[in-house]
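Input: a single structure, listed below in structure tokens.
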Amino acid sequence: MTKKVLLIALFYMSTLQLFAQEKERFMNWEFRTGLNVSNVSNMSGFAKASIYLGVQAPMRITKFYVLQPEATYSRQGANKVLIGENRLNKGQLTLDYIDITTTHRLIVKDFYFLLGNGLSILTYSSEANISNADLFLNLGVGYNITRKFGVEARWKVGLSDVNYLPEDSPLRDPNKGYDTNRNYNLQLGIYYQL
């Protein structure tokens, strides 16, 4: 009887251990941070350098595919923005967002490719008349330096107009007529598995 109980206990413990290893392999929390280089189209501005900080929860579905939900704080905008009838220098445009993203990671050995879409929720703007949300796509590549640490680059493109001014607004460039103002953002950074 004691041997049977011992065998059942060993079987149970080994099953729990396998489950814990499988759970660890399936999902891990990761922290990501790095440099943002952003601009807004049709505002005649220059690129602005800032930061991003985020967390992601990659879930390994197969050996080559990972589904990766993400939440990221992203500081964006543009420098020396020139808008309006007199082409006055408006200085710096700062747009702070919380990005909620669904990213697909395709793995090829230590390299991986990223494709994702998401919603940016505006938390701060240095200018009025900025839309409260932005839809975006992102593409990227990365390299796993170790099992828990890697580097990556992403290109994030806004799909909606961040400026909700009407077509005849004096803040629109009168020489160009109505132009859509979209976010463009290059992210260069690292990730670390917690």
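The values are calculated or read from the model by the stated rules, or taken from the named source; none is laboratory data. Predicted model, so just to flag it, every value in this text is computed and none were measured. Just the protein is used for accessible areas: all its heavy atoms, side chains included, with ligands, DNA and RNA removed. Shrake-Rupley method; radii C 1.70, N 1.55, O 1.52, S 1.80 Å.
Taking θ = phi - 60°, what integer Hz values does the Karplus form 6.51 cos²θ - 1.76 cosθ + 1.60 yield along segment 108-117, in sequence order, with x for Gly and Pro?
Calculated HN-Hα couplings, in order: 10, 6, 8, 9, 8, 10, 10, 9, x, 9 Hz.
Projected area of segment 35-134, taken from the Cα convex hull and averaged over every viewing direction, in nm²? Working shown, then result.
Details: hull surface 28.8 nm².
Value for segment 35-134: 7.2 nm².
For a quick check of understanding: with a 1.4 angstrom probe and all protein chains in place, what accessible area in square angstrom does Lys80 have, to the nearest ten?
Counting only protein heavy atoms, the figure is 120 Å².
Using θ = phi - 60° and the Karplus curve 6.51 cos²θ - 1.76 cosθ + 1.60, what whole-Hz ³J(HN,Hα) does each residue of segment 124-139 get, with Gly and Pro shown as x?
My calculation for segment 124-139 gives 7, 9, 7, 10, 7, 6, 9, 4, 6, 8, 9, 8, 8, 10, 9, 10 Hz in order.
Solvent-accessible area of Tyr191, probe 1.4 Å, all protein chains present, reported in Å² to the nearest ten, please.
Answer for Tyr191: close to 10 Å² accessible.
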